[in-house]
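No lab work stands behind these numbers, since they all come straight from the coordinates. Just so it is clear, the model here is predicted, and its values are computed rather than measured. In this analysis, Cβ positions are derived from the backbone assuming ideal geometry, glycine residues included, and neighbour counts consider all displayed protein chains.
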Amino acid sequence: MKLNQKQLEEFKKAAEPLMEFINNNCHPHVTVIVGTDKAELLEGVTVHNTDKFIND
């Protein structure tokens, strides 16, 4: 997917109010996934990262 400059600006304009909402109303472990049919708030409880199983 490639965005032109106008689309990039439109994306920033749409994203920043949601980023501000999260900053003002949630804690740092909350993220949002936005699709065409929903916006979902998610809370990270724990994470384990590893690259042991990634094939070269």
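In table form, for the structure just shown:
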{"quantity": "Cα long-axis angle, helix 5-25 against the chain (0 to 90 degrees, to the nearest 10)", "calculated": "70 degrees"}
{"quantity": "Only Lys, Arg (+1) and Asp, Glu (-1) charged, at Cβ; the chain dipole about Cα centre in debye", "calculated": "160 debye"}
{"quantity": "Structure-derived Rg and Dmax of the Cα atoms in Å - corresponding label in [x] 15.6, 41; [y] 14.9, 40; [z] 25.0, 85", "calculated": "[x]"}
{"quantity": "Chymotrypsin sites (Phe, Trp or Tyr not before Pro) within the chain: DSSP coil, no more than 10 neighbouring Cβ in 10 Å", "calculated": "F53"}
{"quantity": "Neighbour-limited loop hits for trypsin sites (Lys or Arg not before Pro), the chain (at most 15 other Cβ within 10 Å; DSSP other than H, G, I, E, B)", "calculated": "K2, K38, K52"}
